[in-house]
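Mind having a look at this structure? Questions to follow.
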Amino acid sequence: MVRCRPTAVRDRFTETLGVILSGLTSARLNHRRRYYNFDDVPMDLAPYEESGPPFFYAGTPKVAANLGMNVVGQARNLAPDTPTDVFAEYRQIIDERKRDGLPVYAKGDPLVVTTRHVFVAETDEEAFAIGRRAWIRYNENFKTTDLRIEGKSGSHPLVHDCENLERFIGLGTVIVGPPTRSERRCSISSGRPVPSRNYVVSAMQWGDITFEEASRSVDLYADEVMPALRKLGAEFGP
């Protein structure tokens, strides 16, 4: 929520979620609260799923669980070394909600989704030159857009050591390199979600990666990396 006071974010989120849920489950939307007002708005398009679509919460597993949602975490907060008890607690809360008859918007086995920042180029030199440049800019953006930082510089964990691209590659949170090397890194990284993290999504344009750079990376990823991963039985999709 851009330009929103940090103290108001949670209230706005809660009310916005209520509007969305009401709109998905009602023929006409009526809502009058602190931030939003809707009077008898026709909901002409119903969700395809009879029980409503699955919901995904981008943030910490416990908050997502308390909302009954699948959790989407960046590589930062769902890193490979995240303690497994965090995810055990997530699934326990989801199971308790189901048992108590509370709403659960995670359909079937709840998904613990983690992102991997991917950039593929013809050579290691090109991939690292562009990847390092983009990774630094991507991290710098947190200082201006993340409400937890509020524009402050320094050694905040979200931006600390952002120039050390190799460290994040070693953690499996960033995948940079030519197709053959990216294939290996993707297969290793996509294998790490099980059993705690069971779905991986690749981010293909981040930081200041240009459209042309991203397009070439996606082409290499689709043409040379993905076929090899399919042979390995890995599920790693954009």
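The values are calculated or read from the model by the stated rules, or taken from the named source; none is laboratory data. Just so we're clear, the structure is a prediction, and the values are computed from it rather than from any experiment. FYI the Cβ positions are ideal-geometry reconstructions off the backbone, even for glycines, and counts take in every protein chain you see.
Could you tell me whether Phe87 is aromatic (Phe, Trp, Tyr), surrounded by 14 or more Cβ atoms within 10 Å (Cβ to Cβ) and at pLDDT 90 or above? I'd like the intermediate steps shown before the answer.
Details: aromatic (Phe, Trp, Tyr): yes; surrounded by 14 or more Cβ atoms within 10 Å (Cβ to Cβ): yes; at pLDDT 90 or above: no.
Against the criterion (aromatic (Phe, Trp, Tyr), surrounded by 14 or more Cβ atoms within 10 Å (Cβ to Cβ) and at pLDDT 90 or above), Phe87 does not qualify.
Go through segment 198-217 and report how many residues are of a type outside the set (Gly, Ala, Ser), part of a helix (DSSP H, G or I) and touching a residue at least 24 places away in the same chain (Cβ under 8 Å).
Of the residues in that region, 2 qualify.
Sticking with this structure for a sec: Looking only at segment 192-204, decide whether some residue is at pLDDT 90 or above and surrounded by 12 or more Cβ atoms within 10 Å (Cβ to Cβ). Let's see the steps before the verdict.
Initially, segment 192-204 is screened for residues at pLDDT 90 or above, giving 203-204.
Then drop every residue that is not surrounded by 12 or more Cβ atoms within 10 Å (Cβ to Cβ), which leaves 203-204.
Yes, there is a match, as at least one residue in segment 192-204 is at pLDDT 90 or above and surrounded by 12 or more Cβ atoms within 10 Å (Cβ to Cβ).
Here is a follow-up. Is it true that some residue in segment 26-35 is touching a residue at least 24 places away in the same chain (Cβ under 8 Å) and outside the structural domain of Arg181 (by TED's automatic domain parsing)?
Yes, the conditions are met somewhere in segment 26-35.
List, please: which pairs have Cβ atoms under 6 Å, are six or more places apart or on different chains, and start with a residue in segment 119-137 that is under 9 Å from Gly207 (Cα atoms) and free of Cβ contacts under 8 Å to residues at least 12 places away in the same chain and end with one that is aliphatic (A, V, I, L, M) and surrounded by 21 or more Cβ atoms within 10 Å (Cβ to Cβ)?
none
Here is a further query. Does Val159 fit the bill of being in the same structural domain as His117 (by TED's automatic domain parsing), surrounded by 17 or more Cβ atoms within 10 Å (Cβ to Cβ), of a type in the set (A, V, I, L, M) and at pLDDT 85 or above?
no
If Asp219 meets every condition in (1) at pLDDT 90 or above; (2) in contact with a His (Cβ under 9 Å, 6 or more places away or on another chain) apart from one, which number is that one?
Every condition holds for Asp219 apart from (2).
Surrounded by 15 or more Cβ atoms within 10 Å (Cβ to Cβ) and either of a type in the set (Ser, Thr, Tyr) or in contact with a Ser or Thr (Cβ under 6 Å, 6 or more places away or on another chain) (or both): is that true of Ser22 in this structure?
yes
Condition test on Pro54, is it at pLDDT 90 or above and part of a loop (DSSP other than H, G, I, E, B)?
Spelling it out, Pro54 is indeed at pLDDT 90 or above and part of a loop (DSSP other than H, G, I, E, B).
In segment 172-191, which residue that is assigned to a helix (DSSP H, G or I) and modelled with pLDDT of 80 or more is farthest from Ser217 (Cα to Cα)?
Thr180
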